[in-house]
Structure formats: C-alpha cells, structure tokens
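A quick write-up on the structure given underneath.
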Amino acid sequence: MSKNFVEFIIDGKKCMSEEGKYIIDAAKDNGVYIPTLCNIEGLKPKGACRICSVLVNGRPMTACTTPVTSGMEIENNIAQIEGIRKTIIEALFVEGNHFCPSCEKSGSCELQALAYKYKMLVPRFPFMFPIREVDASNPKLIKDHNRCILCKRCIRGIRDENDRSYFAFKKRGHEVEININHEMANKMTDRLARESMDICPVGALLIKESGFRTPIGQRKYDHLPIGSDIEK
Amino acid sequence: MSKKITIEPITRVEGHGKVTIKLDDQNNIEQTRLHIVEFRGFERFVQGRPYWEAPVLVQRLCGICPVSHHLAAAKALDVIVGAGTGKGLTPTGEKMRRLMHYGQFFQSHALHFFHLSSPDFLFGFDADPEMRNVVALTRSEEFRELAIQGVMMRKFGQEVIRLTAGKKIHGTGAIPGGINKNLSPEERDFLLKGDDPLNARKMVEWAQSAVDLFKDYYKKNREFVDHFSRFPSNHLSLVRDDGALDIYHGLLKAVDSEGRVIFDNVDYQEYLDFIGEEVRSWSYMKFPFIKSLGKEKGWYRVGPLARLNTCDFIPSPQAQKEFEIFKDHTGGKPNNFCLHTHWARLIETLYAAEMIKELLEDPDLQGNDLVTKGEKKKEGVGLIEAPRGTLFHHYSINDNDLIDMANLIVSTTNNNEPMNRAVNYVAKARMTGKEKITEPMMNAVEVVIRAYDPCLSCATHALGKMPLEMELLDVDGKLIDYKRSRQ
Ligand code: SF4
Ligand code: FES
C-alpha cells in the first residue's frame, strides 16, 4: 500500500509527512520540536495538558491530537504560543508542591526542563501550597502526590498482560489523584516499577531506595535542553 | 536602673545574630546574650520524606558548608541501610566522600580566613570598617597577592567538591551506603596536575604560607591575641581510634580545660547518653551540654580549637609539625585562647590540603564498587567534623521508608554557650562603665564571635552587605542610644 504524503509548513519551513500523522510526530520527522507533557509516543494521545498547543491556520490546536493535512500552516515558535506554554508551566508549578532542589528527578524531569526552556524564573501566580500526602505503602513504588501533574501517562502506559492498568484516578475535581491498584501492585515486577518511574514526566512515582544514583552530569537534561535531540 | 545595649546584625559572619548587653545602674555589665533569631525548621521539613532524600534536602540548610550536612545525613543513613559506620563502605565510597569533605574543609576554612578574618589582622582590628574587608585587600598593593591566593584556594576546594558531588554547591554525590560516582583519571589529573595555581601541590604550599602568616602576626601581636578573650572550657570532637585528627570519622572524645578526659572512645550512635540539649526561653538555638557534668558545667567548645585540643596528632607531615608548635605554646595542655582558633583553623587548612594531595594518588578513587548495603535498621546517627565543629544528624524511619524523626545538632549550636561566654568576656573588658556605643566596641564583640566562624542562619549573605546596629536601652526598653554603621 503506498502511503500518501502531504506538504505543510511550520514557522515558514516547508515540511513533508505521511497524511494522518499527528502534528507532533510529523513535526518531529521534520526536525521540529513541539513540547509535550501528557503525550507519549506509542500511546493514544489524550490532549490533557495543552503544552503542545500550536496555531493551525491561525487557530490554537493541540499538536498531539490533531492530524496533519495537506497545506496546513502551523505556527510553533512564536511569541503568542510560547507565552501560552510558559503560562501552563507556571500554573502547574503553583498548583502542586514542586521543590526541585531535593527531588531525585531533578535534571531528568520534563516539567523542570520545560520551565528552563521557556525561561520561567518565578511563577506569576500565587502558590497554592496544597496539602498532599506521600503514599509509601507500596513495597516498590512511592507516590508523591505533591508532584503529580495528572497527565495520566502512568494510567495509559503501565498495564499487565491482560491490558489492565495498574494506575487509575480516584476522587473528583480538584481532589482527583492517582491511585495504585494494590492487589496488582503487590505483584509488580522491578522492570514495571522502573517503567512507571520513567513514564512519569515528573518525580511523582519513585522506586524505593534508589534515589540519586545518577550523578549530576549524567542526568537527561544536564547538558542540552529538552527537545535538542529533535531540533535540527 | 539597668540599660540594654543591642548589637545587630553582626557583620561578616554567615547569617545574622544580635547581641544585647544589659548594664546595671552603675554601667557595669549585668548580662550579655547572643540571640540567634533564625528558625529554620529543617528537622520538621524532612519528616514524611523518603529517607534517601535527606542528604540532598537537609544540605540546603547551608550555602557555605552544605557538604557537611550532606555527608552527616548520608552517614546516618549508612547505618539505616545496614552499611554501618567507619569501614562499612567500599574503599571507593569512603574515599570519594573523604575527598569531598577535605575539599569543602579547605574551601570553607580559606573563605573564613582570607575573606572574613584576614582584613582584621592585616589592616588592624580598629581600622576603618570601610577598609577592613576583602575588597579593600584586593585593592591594596601590599595584600593583593594574598587576596588572590584566598580566592584561588577557595576555588580549588570548590572544584574538589564539584568533581565528587557533581556540583560546587548542593551536589548529590553521597547516597545511603556509598557514593554515586568515582573520580575519573582525567578528573584526578585536573586536581593533581592542573596548571598553577589550581593544583594540590600549590594548595599545600599556600596553606603552609597562610600558617606562617598567622605565626608572624602572632609574634608581633602576642599580647593582643592572647588577651583578647580567653576562658577555660571543655572541648569536644571526633577523634580517630588511634588518637589522630580525623574530620570525616571517629569516636567522640571530650576533654576539660586542663586536658583531663571526660569521655573517650564513644561510639556516636550512643551520643544521647552523653550529650543533652537545653532550651532557653530567649533563644531559638538550643544549648547542648555534656550530661555527666550537667547543664551548668557541661558546656563545651567545638571547631578547630577543640579538635586540636582533643586529638593527639595530625596524620599529615607539615600539619603535624605546625601542630607541635601550637601544642608547645600551651605546654601540651588544651588551648583556651579564642583568637587562637584562627591559628588552629589554618593548621587544619594545611592538613586538608595535604590529605587531598595524598588521597588523589590513591587508585581506589577510580574503583567501580560504589555502594554497600546490609541489614536494614530503623534508626541511624551520623556525625562529622564540619569546618565549624562537630555536626550531629540523627534520623529514624517508619515501616514505609519515610523519615519520622530527625534531630540535628549543628556546629554553631554546640558553640552557643562558648560564644555567649566570649561576648561576655569582651563586653566586660571593653564596655564596663561606658554608656555610649563606639565603633571599636562594636567591632570587638564581632571579632570574638567571628573567631568561632559561626554559621548563624546556615545561609549565605553577601559580604559586607549587612549593616551593624547597636541599641542602648534602659530597663523599660526605652532607647537611649542608637548607632548604625556600614552598608
Ligand atoms: S503519577 Fe506521574 S505519570 Fe502518573 S499522572 Fe501523575 S504525573 Fe502523570
Ligand atoms: S502533550 Fe498535547 S495536550 Fe499534552
């Protein structure tokens, strides 16, 4: 079956991709980085965090859920969009308790990396300092609700052989929080625990007793900003 | 009618404090108090956090010697993860940590002497405060070289920290049971064979010349240095099991002002049997004391002076030579002269430089066996000799690996009573019968506090930015004199 290729434009650059690909992936194929938080390659997109917002023919759309079409004009690195992204990051920072200095994900955290990329110095919004707990009752994984940004990556990505998810949301509205299925989690393998920690963009899921093993200098974003591997 | 003189905040110490001096109606000193106005609450912050976070979280107490907190917490957690103390770690684990600690000792001591204290010695204690700072040193023909030396010594120490902890300030090197990196051959060569002056050999040379500088000053100003402030006290520190000075690990030892042993060979896991902490209503900072002597008599000094008073020898040749000269001065007895703390500090700086140089030659630093573990425990105590003195970290954890108790006794807290005594000594000598506050009076109080290199908030403040205030109050709190100097 021959694939249909379409042409489109991102920030004036002529690009080409298979028809139907999501903008985020099509951009990546063309060496253009669009930031993501809730999206993760290989999983059905959710469109939850809006950090991937771009202007599509002049209208804001989420790049992780919008398929690319022929002749599309996409604006990505423009002041208006960067402003939106920075605002979202600031909102996420004030909504939880993100104390980077003592977080073991620091240096490998996507939220922190994006804050650096978009030059957040201090959030413009008042901190909410919610009172949230650290749940360490599981033998392998710690859930630190202070840091969870409710992206659902763990719910969507960490499943057993019957495709049942280990994680789910519980409670509603502003009280919603991530929950581990205890019965399943007790049988969780070390590999899956590692994958859970890795799939979480922040430091909300932590493998017990292994923190800070990666020296400074070898962490994901120690040398180059997030997205550098894509940008050409 | 009694009057109260307040000096606040004290300049050129880390953090800030306030001194109040209460006069009686004859203008005699009725009471002096050094108030510590900081309340940091780290013991509470760390509760409920996973235990392995403690070394990284708690080091934020301080921007000058965070490595001490980082390592003391890691040592306490070594006990919790079953790696034990002392030789419990792998050779690479222990030696990398030692290197980190010597590096920070070196930089912290260099900072204290060159940046904070040397202006007093070089320009004179009563010189114009505008002049008496490190910036003026760099501007003066005579002392520029020396100021540059100080800056480069601090820089070298910071580089040692960077290569062992990952960052110059607030790194992550020490983890429970070991370390997260070794020292690559390139990193070793950078420290050992770097271009002058940034290499270990030059640092030993400069550290030696700093000791010589002090001895020279002392020769000319013996009267002043000896009589500025002296009072008998007990002394406490960790000492290696063979009696050597060891700033990373050892057994607790305390001696009295005459050198009689109060306790020795104490495993610091048992520190609570030997040390108590008293709370006084007027200060956030507690007053530790040796239990067997009680609250009144049990206070003690920690830090450079105390360490050289408790150990029997220094295990590095040049520092040992200087140690012998230092000991000779008091006929082998403990040294109780406050300003001799500077002398002791410089001998320790030399010791740290020599230890760095020796350790860098050790191939264990390139080992790959970084972490050990054993049978897990619920509680652990970690002690280390921080630049400013013995530092205690004590944690316990719950069944889910979260910290449920933390107790920290920081070096400056150990020195709380000695600093209060020193202020009292100086105030009595210089302020008795006076009702007006003068600059030399204010400075004298500061100088004696600074000898302890106190880290009052355990936080960094820009040098010379803190104004000095002194208030004279009568018994009803009415202001009768007020003076403010320097910006
Ligand atoms: S725990 Fe992590 S992956 Fe799961 S929802 Fe929260 S932030 Fe996302
Ligand atoms: S990445 Fe597209 S909405 Fe989150």
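The values are calculated or read from the model by the stated rules, or taken from the named source; none is laboratory data. Just so we're clear, the structure is a prediction, and the values are computed from it rather than from any experiment. Reconstructed Cβ throughout: ideal geometry from the backbone, glycine too, with neighbour counts over all protein chains shown. These area figures cover heavy atoms from the full protein model, side chains too; ligands, DNA and RNA do not enter into them. Shrake-Rupley method; radii C 1.70, N 1.55, O 1.52, S 1.80 Å.
Of the residues B:G124, B:G41, the single one that is surrounded by fewer than 20 Cβ atoms within 10 Å (Cβ to Cβ), free of Cβ contacts under 8 Å to residues at least 24 places away in the same chain and within 21 Å of the chain's Cα centre (by Cα) is B:G41. Among the residues making up the stretch A:122-165, those that are of a type outside the set (K, R), within 16 Å of ligand 2 (Cβ to nearest atom) and touching a helix residue (DSSP H, G or I) at 6+ places or on another chain (Cβ under 8 Å) are A:I149, A:C154, A:G157.
For the condition outside any helix (DSSP H, G or I) and under 30 Å from B:E223 (Cα atoms), B:F125 qualifies. Residue by residue through the stretch A:1-57, note down the ones that are within 16 Å of the chain's Cα centre (by Cα), more than 9 Å from ligand 2 (Cβ to nearest atom), surrounded by 19 or more Cβ atoms within 10 Å (Cβ to Cβ) and in a loop (DSSP other than H, G, I, E, B). Once the filter is applied, which keeps residues that are within 16 Å of the chain's Cα centre (by Cα), more than 9 Å from ligand 2 (Cβ to nearest atom), surrounded by 19 or more Cβ atoms within 10 Å (Cβ to Cβ) and in a loop (DSSP other than H, G, I, E, B), the stretch A:1-57 yields only A:Y33. A residue that is within 20 Å of the chain's Cα centre (by Cα) and surrounded by fewer than 17 Cβ atoms within 10 Å (Cβ to Cβ) occurs somewhere in the stretch B:233-244.
Where helices (runs of 4 or more DSSP H) sit wholly within the stretch B:268-315, those with at least 2 residues that are in contact (Cβ under 8 Å) with a residue 24 or more places away in the chain and surrounded by 17 or more Cβ atoms within 10 Å (Cβ to Cβ) occupy B:304-310.
Okay, residues lined up against (1) of a type in the set (D, E, K, R); (2) within 14 Å of chain A (Cβ to nearest Cβ):
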{"position": "B:E43", "(1), (2)": "yes, no"}
{"position": "B:Q59", "(1), (2)": "no, yes"}
{"position": "B:A76", "(1), (2)": "no, no"}
{"position": "B:G93", "(1), (2)": "no, yes"}
{"position": "B:S108", "(1), (2)": "no, no"}
{"position": "B:D120", "(1), (2)": "yes, no"}
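What are the pairs, 6+ residues apart or on separate chains, where a residue within the stretch A:190-214 that is under 15 Å from B:R49 (Cβ atoms) and within 14 Å of chain B (Cβ to nearest Cβ) has its Cβ under 7 Å from a residue that is within 16 Å of ligand 2 (Cβ to nearest atom) and assigned to a loop (DSSP other than H, G, I, E, B)? Cβ pairs passing all conditions: A:G203/A:C109; A:A204/A:C148. Of the residues making up the stretch B:357-404, those that are in a helix (DSSP H, G or I) and either within 17 Å of the chain's Cα centre (by Cα) or buried (at least 24 other Cβ atoms within 10 Å of the Cβ) (or both) number 0.
Output the residues belonging to the stretch A:186-225 that are closer than 30 Å to A:A26 by Cα and away from ligand 1 (no atom under 16 Å from the Cβ). Those that are closer than 30 Å to A:A26 by Cα and away from ligand 1 (no atom under 16 Å from the Cβ): A:Q218, A:R219, A:Y221, A:D222, A:H223, A:L224, A:P225. Hey, could you check the stretch A:171-194 for residues that are open to solvent by 20 Å² or more (accessible area, probe 1.4 Å) and under 24 Å from A:S102 (Cβ atoms) and say which is nearest to ligand 2 (Cβ to nearest atom)? Per the stated criteria, the residue is A:E177. Being open to solvent by 60 Å² or more (accessible area, probe 1.4 Å) and within 16 Å of ligand 2 (Cβ to nearest atom) is true of A:E82. Give the residue that is modelled with the lowest pLDDT, with candidates limited to residues of the stretch B:1-34 that are in contact with an Asp or Glu (Cβ under 8 Å, 6 or more places away or on another chain), open to solvent by 30 Å² or more (accessible area, probe 1.4 Å) and outside any loop (DSSP other than H, G, I, E, B). Filtering first and then ranking leaves B:E8. Per the listing B:T349, B:T330, the residue uniquely among the polar types (S, T, N, Q) and open to solvent by less than 10 Å² (accessible area, probe 1.4 Å) is B:T349. Name the residues in the stretch B:143-176 that are in a helix (DSSP H, G or I) and among the charged types (D, E, K, R), would you? Those that are in a helix (DSSP H, G or I) and among the charged types (D, E, K, R): B:R144, B:E145, B:R154, B:K155, B:E159, B:R162.
For (1) closer than 24 Å to B:D126 by Cα; (2) modelled with pLDDT under 75; (3) within 14 Å of chain A (Cβ to nearest Cβ); (4) in contact with a His (Cβ under 7 Å, 6 or more places away or on another chain), each residue gets a yes or a no:
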residue	(1), (2), (3), (4)
B:A386	no, no, no, no
B:D404	no, no, yes, no
B:N407	no, no, no, yes
B:E435	yes, yes, no, no
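A:S70 falls short on exactly one of the conditions (1) more than 30 Å from B:I175 (Cβ to Cβ); (2) surrounded by 16 or more Cβ atoms within 10 Å (Cβ to Cβ), and that condition is (2).
Do we have A:L150 as in contact with a strand residue (DSSP E or B) (Cβ under 8 Å, 6 or more places away or on another chain) and within 15 Å of ligand 1 (Cβ to nearest atom) here? Answer is yes for this residue. Going through (1) within 16 Å of the chain's Cα centre (by Cα); (2) surrounded by fewer than 19 Cβ atoms within 10 Å (Cβ to Cβ) one by one, A:C100 falls short only on (1). A:T62 fulfils the conditions (1) buried (at least 18 other Cβ atoms within 10 Å of the Cβ); (2) within 16 Å of ligand 1 (Cβ to nearest atom); (3) not aliphatic (A, V, I, L, M) except for a single criterion, (2). Could you look through the stretch B:158-205, keep only residues that are acidic (D, E) and open to solvent by 30 Å² or more (accessible area, probe 1.4 Å), and pick out the one that is nearest to the other protein chains (Cβ to nearest Cβ)? Top of the filtered list is B:E187.
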